[in-house]
Amino acid sequence: MSSGAHRRPLPPWVYDLVQRAAGADLLRRALRRRTTGLDGVVLDIGGGTGWASGLLPGSRFLLIDLDLGRLLRFRAASRPGSTLAADGRRLPVASGSVDFVLCLLVAHHLDDDGLSELLTESARALRPGSGGLIFVDALWSPGWIPGRLLWLGDRGERPRPRRDLTAILERHFHIETAEELTLLHRYLYAFARPRPQGGGEAVMA
């Protein structure tokens, strides 16, 4: 849940407490119901301490984050998977090398240009004809009071309404599934595949 922090990073154990208080366990359960049966090579961009590592059981899991302390906390928990300290906007992975990219609660930490860079890199990393992007971010929904209160304490500075977030996604991906999840926050959940480059036909699994 972090990528390119604009403030001094929280200590990893504080970060985990904050995520729990913001409803990470509720979100994880909601996502698990939507990712059942998916497996392959999974790249989790800005995944923090690896809260999403169990969403696709049996997969080869690579966690990327800029905060080394969070990656070390993931390793200390002895969860299956590998870690790499890197920026999601410049992924150090080969093109077409992963089946699924997780971009979970990262978008609101990035401006529009940064998010576009991350999505471009995500599309590059995905293997043609394989899985796709699993994307989640909290929505700016002024009428939803629990969400307004959570945004007061959030370290991300780019909350977006659904239409703006969807518009950025659609520049890079064909959205196959999109729905709004109402938990403590309101979230956009989307499953998407890269748009074809150079006018070719999309390669579908």
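Please enumerate the residues belonging to region 24-53 that are of a type outside the set (G, A, S), surrounded by 14 or more Cβ atoms within 10 Å (Cβ to Cβ) and in a loop (DSSP other than H, G, I, E, B).
L38, D39, T49, W51
Based on this model, can you work out whether L56 counts as outside any helix (DSSP H, G or I), in contact (Cβ under 8 Å) with a residue 40 or more places away in the chain and within 21 Å of D25 (Cα to Cα)?
Yes; evaluated as a whole, the condition is true for this residue.
In region 84-131, how many residues are touching a Lys or Arg at 6+ places or on another chain (Cβ under 7 Å) and either in a loop (DSSP other than H, G, I, E, B) or free of Cβ contacts under 8 Å to residues at least 24 places away in the same chain (or both)?
Adding up the residues that qualify gives 6.
Just the residues that are polar (S, T, N, Q) and surrounded by fewer than 16 Cβ atoms within 10 Å (Cβ to Cβ), please, taken from region 64-83.
Listed by number, the residues that qualify are S78, S82.
Mind listing just one residue for me: the one in region 153-185 that is farther than 16 Å from C103 by Cβ and modelled with pLDDT under 75 and, of those, surrounded by the fewest Cβ atoms within 10 Å (Cβ to Cβ)?
By that ranking, first place goes to G153.
Can you give me the number of residues within region 55-80 that are on the phi > 0 side of the Ramachandran plot and not polar (S, T, N, Q)?
Of the residues in region 55-80, 1 are on the phi > 0 side of the Ramachandran plot and not polar (S, T, N, Q).
Would you call S130 more than 26 Å from L56 (Cα to Cα) and small (G, A, S)?
Taking the combined requirement at face value, the residue does not satisfy it.
The values are calculated or read from the model by the stated rules, or taken from the named source; none is laboratory data. Predicted, not measured: the structure shown is a model, and the values here were computed from it. Neighbour counts are summed over all protein chains in view; Cβ atoms, including those assigned to glycine, are modelled from backbone coordinates with ideal geometry.
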